[in-house]
1. With the requirement that a residue be without any contact (Cβ under 8 Å) to a residue 60 or more places away in the chain and over 27 Å from A:Ser33 (Cβ atoms), what does segment A:50-70 give you?
2. So which residues in segment A:90-101 are within 22 Å of the chain's Cα centre (by Cα) and surrounded by 14 or more Cβ atoms within 10 Å (Cβ to Cβ)?
3. Can you name the helices (runs of 4 or more DSSP H) wholly within segment B:94-199 that have at least 3 residues being at pLDDT below 80?
4. Taking into account only those residues within segment A:305-361 that are of a type in the set (Asp, Glu) and more than 16 Å from the chain's Cα centre (by Cα), which is nearest to B:Ala45 (Cα to Cα)?
5. Give me the residue from segment A:289-319 that is assigned to a helix (DSSP H, G or I) and within 7 Å of chain B (Cβ to nearest Cβ) and, out of that set, nearest to A:Leu52 (Cα to Cα).
6. Here's a check for you: in segment A:329-384, which residue that is buried (at least 20 other Cβ atoms within 10 Å of the Cβ), of a type in the set (Ser, Thr, Tyr) and not in a helix (DSSP H, G or I) is modelled with the lowest pLDDT?
7. How many residues are modelled with pLDDT under 80, more than 9 Å from every other protein chain (Cβ to nearest Cβ) and out of contact with any Asp or Glu (no Cβ under 8 Å at 6 or more places or on another chain) when one looks only at segment A:278-288?
8. I'd like to know if segment B:439-460 contains one or more residues that are in a loop (DSSP other than H, G, I, E, B), out of contact with any helix residue (DSSP H, G or I) (no Cβ under 6 Å at 6 or more places or on another chain) and within 19 Å of B:Asp382 (Cβ to Cβ).
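The values are calculated or read from the model by the stated rules, or taken from the named source; none is laboratory data. Just so it is clear, the model here is predicted, and its values are computed rather than measured. Cβ: placed from backbone, ideal geometry, glycine included. Neighbour counts: every protein chain shown.
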Amino acid sequence: MAFGKTALKFDWIIMLLFAMLVTAGWFNIYSASYSSDATGLLDFSQPYAKQLLWICLSVVLIVIILALDEKFYERFSSIIYLVSLVSLAGLYLFGNNVNGATSWYLIGPASIQPSEFAKAATALALAKYVSDIQTNMSLFKDQLKAFLILAIPALLIVPQPDPGSALIYAAFIFPLYREGLHFVYLLLGFFAAALFVGTLVLGATWVSLMVLIITAAVFLKNRKRKPSRSKYAIIAIACVAFSFSVSYIFNNVFEQRHRDRFNIVLGKETDSKGIGYNTNQSEIAIGSGGWFGKGWTQGTQTKGNFVPEQHTDYIFSTVGEEWGFLGSLGVVALFVFLIIRILVLAERQKSQFARVYGYSVAAIIFFHFFVNVGMVTGLFPTVGIPLPFFSYGGSGLWGFTILLFIFVRLDAANYYYT
Amino acid sequence: MPIEQKNILNRLYFVAGGMFLFALLIAVKLLDIQFNEGDKYRELAAKNTTKNFTIPANRGNVYADDGSLLASSVPKYEIRFDAVTVKEENFKENIVPLSKELSKMFGKPASYYQNLFRKARSNKNRYLLVARDLGYSDYIRVKKMPLFRLGPNRGGFIAEPRTVREHPMGKIAERLVGNEDRNTPGYYAVGLEGAFHKQLSGKEGHRLKQKISKGRWKPVYDENEIEPQDGYDVISTINVNMQDIAHHALLKQLTDYEADHGSVIVMEVATGDIKAVANLGKSKNGSYYERLNYAVGESSEPGSTFKTVALTVALEQKVIDTATVVNTEQGRVRMYGRNITDSKRGGYGEISAARALEVSSNIGFARLIDGAYKDDPKKFTDKVKSWGLDKKIGISIKGEGAPIIPEVGDEIWSRNALPSMAYGYNVSMTPLQILTFYNAIANNGVMVKPQFIKEIKSWNEQIAFYDTEILNKKIASQNTINQIQEVLKNIVQRGTGRSLYSENFSMAGKTGTARTDYSDASAWAKDPKYVSSFAGYFPAENPKYSCIVVIHKPSTKKGYYGADVTGPVFKRIAQKIFTDSPLKAEIADINAVEKIVNADYESYYTKVQKRIDKVPNVKGMAGMDAVSLLENLGYRVIVAGNGTVKNQSIPAGESPKKGTEITLNLS
């Protein structure tokens, strides 16, 4: 144990940002869930009181994480990963269904959501694998193995069903890119997303037609260099196939509610009381906030219980309504600072394990932040994932606390670890 | 896995830059929502969080002529239980005492309630019905029981108030007063409630409220945007005592004669005020209840009571006089191919026209009228129509039956029509329409419109007063009227109505016995059905009230003649109203007391109107009135005992806060 020796080396900026986010989060949860029936701050039937308890316990958690030797995380990463996979698989046997998803273990009065902890475990496993001296990320074989590490937990989470939490694993593309994954993968990702959206908006036939025209044009332009016909043909066919399969999956595999969510964001449907209700109400709440907001606990939309899941996934709408544009911008800034700070720290790590892990932490937090705020402001379809450190929920808070503070611990070791 | 240094930096910038771009995207979106579309969203938010609440107006009361309540709105409570919201320890601790208390109050065993609650909890029932239709004081009692006293969130106590229309006089005159439609609350179609629905219901108010948390709304302004206007009170002409007499007299006779249904109307001769309307029909189990408004709605062949109309026409047009002799032969003649019979075996032989009415001879009337009018039947029917007997009177209540008086050229006219009309067939009228004619005879020829409503009031202010409406200033010459009055009096003295005769009390009227449902002659022969009636007035010399009694389908085994079936009802009503009156002295006293109470009562309302929040003196008032008066003033009333108020816990003149409890001891 080198606790005493490294105590001053913990990154106080990250800790401060963490504390600010959690505190701001709690005040917003209080405002969103406060009801005049409550008997006081410690009325544990109220979400804000429970969250206060989770926050206090997370401090205990932090002390434990920081007290452990940094080598523990690297050495036990595979075991932690396996335990995490078992806990995810175990849901299919012992899990409890809450709000339509079997994502929870109910143990006495507490409920635990293993997918919130699996992110940290996967980040550790990925970092361990990528930092292995045998691994070369420019080799397709190793890339495949790295993807497998990510795919297993994601595939265990999807059928719960919790596609939102599974989507988060896409964030790992950033650390992999940093570690040498070819740029093509990122491009491929963007291109697939563009094709996906394009297909939904214009339909598979038009998109295919456009793809064929574009490939033909590029091919003709480059014909002097004698490009390989088969390569162009394969790309074109793959794009067309992708477009049609998206169309097929969207119309035949997705449920109507999923289709509706996409269609609303894409502007193909509008409604205010039905499917798009959540987002609509949350936009109303944010929009009515203006520059400075209505003030803490003064939000009429928040108080009126118009926004569903307001203290969990939609907590940012409370920020928008009660703290206004400046308040929301402040929260966005806090997240941006935190993420940049993590990236900066990750980049100066001497151990590759710590660096990959750091990038993973930044990517996961960023992805959560972006998807969540995107959903609340109507940029994104409704994907049920929490806002890190902000949203109500013990599992979520602890999952992110563990994720972040393992990195803080790894970073602290950086100074004497050579 | 070494990578070139520059490449790494590029990758870092690329990742960080990408993230920064996304963050910027969010900031732009925020700007768009909060400023570009901010106004739209602020408007939507305001629309979302404020709502116009309807404040229901209090429905007015329906009063009898002496101010007794016939219909009034009172709050009733339904108690439900949310078995999920209660915490385990509270549930365990309180479930037994709560069940015991409920058992004490409602009489069911405590174990019944315990089972009920436990089952509800295991089934996660959040809306278990515990009790319904509780009055205010009962509701307060339940609210204070263990567990329930913890309130809606911790005790699972749900109370749902609703306004119920109560009839303090019970089922009496229910059809006339009218009922709330069972399927559409707040909708009144029938009776006085239906006729004066607009005046009674008042106007709803509005209040703008803002949602402050789940299920909680706070008024935006101090005052209501639109104050509700309470409905007006309707003061009917109904006299509670007469109604009671009529109801029970009819009920007794219907029961004795196992009749299908019947009705009674009592009308004040000079004013046309309807003092009582009883309508009783047989239910499936044989008991009688206020079923339909037969008195107003049922138009049928009147039979012999119409002979008076025929005789009045003939006398007035001087085609015969009361002494004109007619040969009724042996009580059986054939006219235009149809048999006409009289009820007396062997017949009456040669009799005068007046005597023909006294004994109610069908043959006599058929021959008299046919003889006088067969060449010009229109002369006869025109006279009848000139009194408006072929038209609805046009009363305020819905569903008045249409009378039928045929004339030459009509589809139902035949050579038989005129002689049939003479003794009350081939025409159709409602009891109220016949009574209107008899009332005109009693009123020396002045035909007045039957009236159900005296006035409409808002607190003490008179909104409308309904004066007597004269339909026909003089339906016939005084001479004719005198003659008819004389004959009607004689009917009771020595004619078909002689069984009614009483030495110390004079009545005048005409019996009627009409066949009904006779279109299938063979079926009728097997099971003859009659409508028995009696129309008349009393006292005969100086008529005060007219009255008609109609009973449909009495059991023929017991009797069916008007004199036997309906006559006694008429007599009982007449005697109860007038001759059984050693009460008179007492009535004077009661009136004196009532006047004082009424004066007080009215002054309270005046005070209420001026919003002076002082407790009124309710001593001596009927318990129900006192409760509604005090509750309307915003106090909570606890009642002990029955009857009139003996004393009140907060004396008159004090002004405690709204919501203060006042205990009333009744005796």
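1. Matches in segment A:50-70: A:Val63, A:Ile64.
2. A:Leu91, A:Ala101
3. Details: elements: B:110-122, B:136-143, B:151-154, B:174-177, B:191-195.
Filter on segment B:94-199 gives B:174-177.
4. First, the residues of segment A:305-361 that are of a type in the set (Asp, Glu): A:309, A:313, A:321-322, A:347.
Among the residues that remain, those that are also more than 16 Å from the chain's Cα centre (by Cα) are: A:309, A:321-322, A:347.
Numbers: A:Glu309: 18, A:Glu321: 10, A:Glu322: 13, A:Glu347: 46 Å.
The residue in question is A:Glu321.
5. Narrowing segment A:289-319 to residues assigned to a helix (DSSP H, G or I): A:300-303, A:315-319.
When the remaining residues are screened for being within 7 Å of chain B (Cβ to nearest Cβ), the result is A:300-301, A:303.
Details: A:Thr300: 24, A:Gln301: 24, A:Lys303: 20 Å.
That would be A:Lys303.
6. A:Thr382
7. Residues of segment A:278-288 that are modelled with pLDDT under 80, as a first pass: A:278-281.
Among the residues that remain, those that are also more than 9 Å from every other protein chain (Cβ to nearest Cβ) are: A:278-279.
So of that shortlist, the ones also out of contact with any Asp or Glu (no Cβ under 8 Å at 6 or more places or on another chain) come out as A:279.
Adding up the residues that qualify gives 1.
8. no
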